[in-house]
């Protein structure tokens with residue numbers, strides 16, 4: 001399924017003084033999809049998103065959002081996008097409901113504010129003003145402000161940072177509902193599970209560049225080899241086992257009786273290993289398959305821990 | 001919420017509706033803020049009542065309320081257009097409100113228009129209240145209402161420019177401190193409650209060029225002495241307005 005692209009970034013460069021925040025980044029976002037921009041702090045996630053929102057002017061390269069130049073065509077673009085900043089954006093003396101109602105008034109066909117308040121559990125904020133809301137409530141209000149104008153495309157900058165697990169799930173659920181209704185979403189995150197759970201497309205960025213991209217499945221399959229472990233009689237003929245396995249697979253006896261096979265671990269490989277064991281009268285115990293996560297992929301690509 | 005709830009239907013509200021909504025919201029935030037009310041309502045009212053009824057200052061033979069009412073009106077304009085606006089806008093910038101609104105359908109010029117309308121709405125309320133208090137204290141104003149209106153408008157422009165210049169360039173805490181300090185200094189040295197001729201000659205001629213002095217002196221010329229058009233004071237205010245609004249437009253940073 002190849003749909004129209006809503007964001008096109010080509011060779012984007014953005015510098016702050018002598019520091020290069022974004023360094024030749026390419027990214028394409030397809031209509032109706034959820035795209036996660038994943039990377040450690042300082043990788044250039046926020047700068048990339050804020051360039052799409054029209055806050056930053058590229059030093060080089062081009063950015064088109066819904067076919068428009070975010071700086072030159074700001075007046076046309078802004079009514080069509082929803083923006084959730086990483087923090088702030090609300091009058092400190094405003095209550096959650098009145099801020100949301102006010103944002104709704106700036107749009108032609110806003111969502112039903114009461115239903116949105118209910119949906120995001122903001123009704124419990126009551127008469128509390130923004131500065132006294134909990135971090136989670138502030139995050140949910142910012143999310144509500146991003147969607148209240150019924151945008152075509154929303155940018156969420158770290159939408160679940162600082163949320164408890166329940167609130168995170170609820171935010172994820174909203175993003176899925178947006179997708180189901182045809183809204184495109186670009187979100188930045190440094191949570192692997194968030195990208196894996198939500199995204200149709202993940203772009204891993206490091207030092208201002210996209211170092212890998214694809215669906216979470218593609219990234220996990222393509223970027224790293226998987227591992228199969230089992231316990232058996234010590235001193236098995238590993239060489240004979242290897243002959244039965246596809247090229248590129250490795251097999252070793254790590255410690256006495258503990259075997260590790262690395263390569264493309266698929267059902268066929270598992271069947272080959274167990275049938276080899278059956279032929280050699282070996283009972284493989286404790287068979288386990290380790291699937292590589294995005295975290296492993298990230299570590300391999302960048303040599304960095306994500307949550308550092 | 002059911003399927004189809006979020007189906008895109010983007011679009012900006014009509015401009016007049018956005019500006020009206022933004023003005024109403026800004027005014028509501030301002031009137032809710034206790035510190036702002038202290039500056040804009042309580043201090044001017046107290047000064048008017050206190051100095052009109054207690055013989056503390058020498059107003060040169062005229063009735064005290066006739067001297068004080070124009071000065072306190074000038075102070076009210078300064079408190080809202082300069083001090084209040086500088087502090088509020090400084091913190092809106094600091095907390096990303098200006099940034100977030102910058103990504104909304106509301107154009108920046110419309111946001112600034114709404115801020116100005118909100119300042120004017122607040123001034124109308126202040127002036128109505130202070131005028132009632134002054135009348136209750138026996139005030140008998142003279143002069144042409146049109147001159148008064150012109151002075152108030154130019155004064156508002158000059159003080160708004162200075163307030164926005166401060167809010168758009170300094171850190172929020174610095175703006176808070178500086179705006180309050182300037183308020184206090186100009187309250188004392190700007191002919192609001194202390195007549196300028198109480199200061200030494202050399203100091204007087206400098207103080208007379210301050211926007212607060214021009215506004216209080218101009219209002220006093222008209223309301224107390226029945227002057228037609230205080231062109232000198234209007235000129236000083238116009239120069240301040242041009243310089244400060246020009247500088248604010250060039251130097252204001254939204255983030």
Within region A:144-181, tally of residues that are out of contact with any helix residue (DSSP H, G or I) (no Cβ under 6 Å at 6 or more places or on another chain), assigned to a helix (DSSP H, G or I) and closer than 21 Å to residue A:112 by Cα: 11
One residue from B:128, B:142, B:121, B:157 being assigned to a loop (DSSP other than H, G, I, E, B) and away from chain A (no Cβ under 14 Å): B:142
Tally of residues being modelled with pLDDT of 90 or more and within 23 Å of residue A:42 (Cβ to Cβ) across region A:213-230: 1
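Rundown of residues vs (1) at pLDDT 95 or above; (2) within 8 Å of another protein chain (Cβ to nearest Cβ); (3) touching a strand residue (DSSP E or B) at 6+ places or on another chain (Cβ under 9 Å), yes/no style:
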{"site": "A:126", "(1), (2), (3)": "no, no, yes"}
{"site": "A:129", "(1), (2), (3)": "no, no, yes"}
{"site": "A:145", "(1), (2), (3)": "yes, yes, yes"}
{"site": "A:153", "(1), (2), (3)": "yes, no, yes"}
{"site": "A:166", "(1), (2), (3)": "no, no, no"}
Residues (under 18 Å from the mean Cα position of the chain (by Cα) and surrounded by fewer than 24 Cβ atoms within 10 Å (Cβ to Cβ)) located in region B:85-103: B:91
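Looking only at residues in region B:93-107 that are in a helix (DSSP H, G or I) and facing another protein chain (nearest Cβ under 7 Å), which one is nearest to residue B:27 (Cα to Cα)? Please lay out each step first, then the result.
First, the residues of region B:93-107 that are in a helix (DSSP H, G or I): B:93-94, B:97-102.
Right, trim to facing another protein chain (nearest Cβ under 7 Å) and you get B:97, B:99-100.
Numbers: B:97: 15, B:99: 19, B:100: 19 Å.
Residue satisfying both the conditions and the ranking: B:97.
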Residue within region B:36-48 that is within 14 Å of chain A (Cβ to nearest Cβ), assigned to a helix (DSSP H, G or I) and under 22 Å from the mean Cα position of the chain (by Cα) present: yes
Per-region count, region A:94-113, residues within 26 Å of residue B:172 (Cβ to Cβ), within 7 Å of chain B (Cβ to nearest Cβ) and surrounded by fewer than 20 Cβ atoms within 10 Å (Cβ to Cβ): 0
Criterion violated by residue B:4 - all others in (1) facing chain A (nearest Cβ under 9 Å); (2) out of contact with any strand residue (DSSP E or B) (no Cβ under 7 Å at 6 or more places or on another chain); (3) surrounded by 19 or more Cβ atoms within 10 Å (Cβ to Cβ) satisfied: (3)
Some residue of region B:63-84 being in a helix (DSSP H, G or I), crowded, with 22+ Cβ neighbours inside 10 Å and within 14 Å of chain A (Cβ to nearest Cβ): yes
Residue match in region B:197-207 (condition: touching a residue at least 12 places away in the same chain (Cβ under 8 Å) and either in a loop (DSSP other than H, G, I, E, B) or within 23 Å of residue B:166 (Cβ to Cβ) (or both)): yes
Unique residue being more than 13 Å from residue B:72 (Cβ to Cβ) and surrounded by fewer than 16 Cβ atoms within 10 Å (Cβ to Cβ) when the list is B:158, B:136: B:136
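Taking the condition of being outside any helix (DSSP H, G or I) and either within 24 Å of residue A:70 (Cβ to Cβ) or touching a helix residue (DSSP H, G or I) at 6+ places or on another chain (Cβ under 7 Å) (or both), how many residues in region A:122-143 meet it? Before the answer, list the steps.
Residues of region A:122-143 that are outside any helix (DSSP H, G or I), as a first pass: A:126-129, A:133-134.
Okay, now just the ones that are also either within 24 Å of residue A:70 (Cβ to Cβ) or touching a helix residue (DSSP H, G or I) at 6+ places or on another chain (Cβ under 7 Å) (or both), so A:133.
The total comes to 1.
Which fully enclosed strands (runs of 3 or more DSSP E) of region A:7-90 have 3 or more residues being out of contact with any helix residue (DSSP H, G or I) (no Cβ under 6 Å at 6 or more places or on another chain)? Show your work before the answer.
Working: elements: A:19-30, A:34-38, A:60-65, A:81-84.
Result: A:19-30, A:60-65.
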Odd one out for residue A:259 among (1) free of Cβ contacts under 8 Å to residues at least 60 places away in the same chain; (2) assigned to a loop (DSSP other than H, G, I, E, B); (3) more than 14 Å from chain B (Cβ to nearest Cβ): (2)
Which listed residue is farther than 21 Å from residue A:45 by Cα and within 12 Å of chain B (Cβ to nearest Cβ), from A:77, A:120: A:120
Selection count where residues are without any contact (Cβ under 8 Å) to a residue 24 or more places away in the chain and either part of a helix (DSSP H, G or I) or under 30 Å from residue A:43 (Cβ atoms) (or both), scope region A:276-304: 4
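The values are calculated or read from the model by the stated rules, or taken from the named source; none is laboratory data. Here the structure is a predicted model, which means the values were calculated and not measured. Reconstructed Cβ throughout: ideal geometry from the backbone, glycine too, with neighbour counts over all protein chains shown.
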